[in-house]
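A.B. asks: If you scroll down you'll find the structure; I have some questions about it.
Each value in this text was obtained by applying a stated rule to the coordinates, not by laboratory testing. All values reported here derive from a predicted model rather than from experimental measurement. Using ideal geometry, Cβ is built from the backbone for each residue, glycine included, and neighbour counts are taken over all protein chains shown.
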Amino acid sequence: MATKVTKLAVLTSGGDSPGMNAAIRAVVRTGIYHGLEVYGVMRGYNGMIEDDIFKMESRSVANIIQRGGTILKCARSKEFREYAGREIAYQNLKKRGINGLVVIGGDGSFKGAQIFSNEFDIPCIGLPGTIDKDIAGTDFTIGFDTAVNTAVEAIDKIRDTADAHDRLFVVEVMGRDAGYIALHSGIATGAENILIPETKTDIEELVNSLSEKEKRRKLVNLVVVAEGDEFGGGNEIARIVKRRLPNIDTRVCILGHIQRGGSPSCLDRLIASRMGYHAVESLIQGRFNVMVGIVNNKMYYTPLDHAIKAKQKMSNQWLKIVKILAS
Ligand code: F6P
């Protein structure tokens, strides 16, 4: 049975996402509001192992709500995958009397938190911080909205130049194994084709649809591809299109890490603040080893092991809309 949380540590882990700073701010200030001592851990689980842990005050999080990245820095820790690493991490928390941990990150980070919490008596709570939106138990993940808006802004610009030259652009967006950034940005920019890992990519269908458009002189086309698509992303799709349809002037643009940076959108700041606040409230109430999410505008708590295993389901309605609107 875990003891009452009196000293709390917060870390950001995995790939950074816009809004992580807003979440840190909410955790620190809610903790202090409740009279807890709050500590920041640098570079995710690595900082716990390397003892890079410092006490945070309300002022430590001043002027960060609008900043992308994370003031605590991010890392994917190899050492934390080993028991020996986790034991050192535990000792470093223990010597300060830290008895609660908030982990802001994706499913890999939650896996670490789950194992750590099972092995040692440290209640953990997860906040979904990832641009990929690939976590079950929440309608939002911190960073997705900003990333998808960055992608939309970039694709709109690409459409301008595509239009000027009558070109086909294949645009690759991030998302790891998930197609949410591609789906949302593709619909929002009026892409003609959207290729995502959640559905089977029919290359013949893509070639036929582009060839049909070529015949009717619809020369400006955008194909948005998720990096995790089974055909291997933008370069591969463009290579196939160029080979099969040599008369179409085709270019590729890989948006890459610009999708991870930048000032968080209003939505990301709001959900990060709300989730950060509820993470601390939840720990204080003795509810832990869960991920804090928002479902239907209500706080929703998913056991960490479920959040790790279950991927978010893609709605069939979205997929239908893509087909109809892309004709
Ligand atoms: O998980 C977030 C993410 O940005 C993915 O969309 C992408 O596949 C990956 O991280 C990139 O990781 P890295 O920054 O280590 O190259």
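A.B. asks: Would you work out the relative contact order for the chain, in percent, from Cα pairs under 8 angstrom that are 6 or more residues apart? The partial results should precede the final answer.
C.D. replies: Values: 730 pairs, mean separation 77.1, N = 327.
Over the chain, the number comes to 24 percent.
A.B. asks: Given the DSSP H assignment, sum -39500 (n - 2.57) over each helix run of at least 4 residues in the chain and divide by its residue total; what's the result at 222 nm in deg cm²/dmol, nearest 500?
C.D. replies: Numbers: 11 runs with 134 residues, N = 327.
The per-residue figure over the chain is -13000 deg cm²/dmol.
A.B. asks: May I pose another question? Mind checking Rg over Rh on the range 173-298, alpha carbons, Kirkwood formula for Rh?
C.D. replies: Values: Rg = 19.7 Å, Rh = 17.2 Å.
Rounded to two decimals, Rg/Rh equals 1.14.
A.B. asks: Using only the alpha carbon atoms of the chain, find the Kirkwood hydrodynamic radius as the inverse mean reciprocal pair distance, in angstroms to one decimal.
C.D. replies: Values: mean 1/r = 0.0484 Å⁻¹.
Evaluated on the chain, it is 20.7 Å.
A.B. asks: In angstroms, what radius of gyration and Dmax does the range 166-228 have, counting Cα atoms only?
C.D. replies: 11.6, 35
A.B. asks: Would you mind checking which residues have amide H under 5 Å from Asn289's amide H? H placed 1.01 Å from N; only 5 or more apart, or other chain.
C.D. replies: Residues meeting the amide H criterion: Cys124, Ile125.
A.B. asks: Please give the per residue volume of the convex hull enclosing the alpha carbon atoms of the range 205-244, rounded to a whole number of Å³.
C.D. replies: Details: hull volume 2.6 nm³, N = 40.
Given the Cα convex hull of the range 205-244, per-residue volume reads 66 Å³.
A.B. asks: What residues qualify as long-range amide H neighbours of Val170, i.e. H under 5 Å apart, gap of 5 or more or another chain, H built at 1.01 Å from N?
C.D. replies: For Val170, whose amide H was placed from the backbone, the distant partners under 5 Å are Val223, Arg251, Val252, Cys253.
A.B. asks: Starting from the Cα of Lys320, draw a straight line to each of the lysines and keep only those under 22 Å, dropping any in the same chain fewer than 8 residues away.
C.D. replies: Answer for Lys320, where 22 Å is the Cα cut-off: Lys133, Lys200, Lys213, Lys311, listed by chain and number.
A.B. asks: Taking the dipole about the Cα centre of the chain, with the C-beta of Lys and Arg at +1 and of Asp and Glu at -1, give me whichever of Ile104, Gly15, Asn247 is farthest to the positive side.
C.D. replies: Value: Ile104.
A.B. asks: Considering Cα pairs under 8 angstrom that are at least six residues apart, work out the relative contact order of the range 101-236 and quote it in whole percent.
C.D. replies: Value for the range 101-236: 23 percent.
A.B. asks: Among DSSP beta bridges lying fully in the chain, give the percent that are antiparallel, nearest 5.
C.D. replies: Working: 10 of 41 bridges.
Here the antiparallel bridges make up roughly 25 percent for the chain.
A.B. asks: Then there is this: Please report, in cubic angstrom per residue, the volume enclosed by the convex hull of the alpha-carbon atoms of the range 109-226.
C.D. replies: Working: hull volume 11.7 nm³, N = 118.
Convex hull volume per residue, Cα atoms: 99 Å³.
A.B. asks: Let me ask you something else. Please state, rounded to one decimal and in Å, the Kirkwood hydrodynamic radius that the range 1-116 gives when every pair of distinct Cα atoms enters the mean of 1/r.
C.D. replies: Working: mean 1/r = 0.0713 Å⁻¹.
It is 14.0 Å.
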